[in-house]
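This report concerns only the one structure given below.
The values are calculated or read from the model by the stated rules, or taken from the named source; none is laboratory data. Since this is a predicted model, take the numbers as computed values, not measurements. As a convention, Cβ positions derive from the backbone with ideal geometry for all residues, glycine included, and neighbour counts pool all protein chains shown. The area values use the complete protein model at the heavy-atom level, side chains included, leaving out ligands, DNA and RNA. Shrake-Rupley method; radii C 1.70, N 1.55, O 1.52, S 1.80 Å.
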Amino acid sequence: MTIPRQIGPETGPRTALPDYRRSSATVERMVSELRGVPGSKGGSTGTVRALFPAAPTRDTALRAAVSAVLLGGAVIAGIVMVLLLTALEEGRSPGVGLLMLLLALGALAVILLLLGLRFGVVALGTVRSRVEISEDALHVVGALGSRRVERRDIVGVESRVVHPVHWLTAALRLRDGSRVVMPAFDRHVWTYSQPSGEDIRALRIELRRREQAAGRRV
């Protein structure tokens with residue numbers, strides 16, 4: 001059996017398959033060598049696969065726009081408060097009605113500021129967030145940091161986790177009872193009722209398969 005090792009020659013030689021010589025040209029050896037090629041389906045110990053948000057460009061633009069509108073509203077509310085205070089005559093205290101209006105504007109400014117910062121952080125997270133899957137661990141990257149989680153510490157994957165910043169998202173449930181939020185799977189309000197995505201199901205299947213494999217080795 002002859003196995004071509006190069007494709008070309010238009011742009012120079014390109015390796016198509018590992019070097020199969022007569023001494024290793026058995027089915028078992030071929031499969032073993034293919035699994036050791038980086039990027040092959042079987043993978044190797046150093047192979048890393050990454051999961052990203054489904055639509056990062058759209059989500060980043062949408063969340064950044066919402067953040068800008070909310071922060072702009074907070075600035076406008078603050079400016080109105082300053083104008084109302086400067087409009088008072090010198091030495092005169094504001095009345096009850098004006099005080100209530102100032103309190104309402106102050107509360108509105110704080111709420112808009114917090115929501116604007118939240119959407120800004122989530123927009124930054126959409127750009128940076130990913131979940132890198134290696135042989136021994138998962139590397140979860142978010143907007144402001146990252147965390148490496150060993151596979152042996154993971155109990156399961158939760159797809160409907162409520163978080164004060166990420167709102168509805170997914171997380172890894174660890175053996176100590178804590179969670180590691182995965183910002184790559186943040187959900188929009190209009191997708192709350194939809195089932196979890198294909199990446200979540202694939203991650204669950206892979207973790208379960210590796211757990212079963214580890215149990216058989218023990």
Filtering region 180-197 down to residues that are surrounded by 16 or more Cβ atoms within 10 Å (Cβ to Cβ) and either assigned to a strand (DSSP E or B) or aliphatic (A, V, I, L, M) (or both) yields VAL180, VAL181, MET182, ALA184
From ALA77, ALA65, which residue is closer than 27 Å to GLY125 by Cβ and surrounded by 13 or more Cβ atoms within 10 Å (Cβ to Cβ)?
-> ALA77
Of those in region 142-179 that are part of a strand (DSSP E or B) and within 11 Å of the chain's Cα centre (by Cα), the residue farthest from GLU206 (Cα to Cα) is SER146
Any chance region 92-114 includes a residue that's touching a Leu at 6+ places or on another chain (Cβ under 7 Å), surrounded by 12 or more Cβ atoms within 10 Å (Cβ to Cβ) and under 27 Å from ILE200 (Cα atoms)?
-> no
Given (1) over 30 Å from ASP199 (Cβ atoms); (2) modelled with pLDDT of 90 or more, where does GLY91 come up short, assuming only one miss?
-> (2)
Could you please find all residues in region 116-133 being in contact with a helix residue (DSSP H, G or I) (Cβ under 9 Å, 6 or more places away or on another chain) and open to solvent by less than 60 Å² (accessible area, probe 1.4 Å)?
-> GLY116, ARG118, PHE119, GLY120, VAL121, VAL122, ALA123, GLY125, THR126, SER129, VAL131, ILE133
Quick check: anything in region 105-128 at pLDDT below 85 and among the hydroxyl-bearing types (Ser, Thr, Tyr)?
-> no
With the condition kept exactly as written, say whether any residue in region 110-122 is outside the structural domain of GLU198 (by the TED database), within 16 Å of ARG187 (Cα to Cα) and touching a Phe, Trp or Tyr at 6+ places or on another chain (Cβ under 6 Å).
-> no
In this structure, is LEU207 outside any loop (DSSP other than H, G, I, E, B), among the hydrophobic types (A, V, I, L, M, F, W, C), surrounded by 14 or more Cβ atoms within 10 Å (Cβ to Cβ) and more than 17 Å from the chain's Cα centre (by Cα)?
-> yes
Got at least one residue in region 165-176 being open to solvent by less than 20 Å² (accessible area, probe 1.4 Å), on the phi < 0 side of the Ramachandran plot and assigned by the TED database to the domain that holds LEU62?
-> no
Mind listing whichever residues of region 143-160 are surrounded by 12 or more Cβ atoms within 10 Å (Cβ to Cβ) and within 15 Å of GLY125 (Cβ to Cβ)?
-> ALA143, SER146, ARG147
Residues within region 80-91 that are within 22 Å of LEU113 (Cα to Cα) and open to solvent by 80 Å² or more (accessible area, probe 1.4 Å), tallied | 3
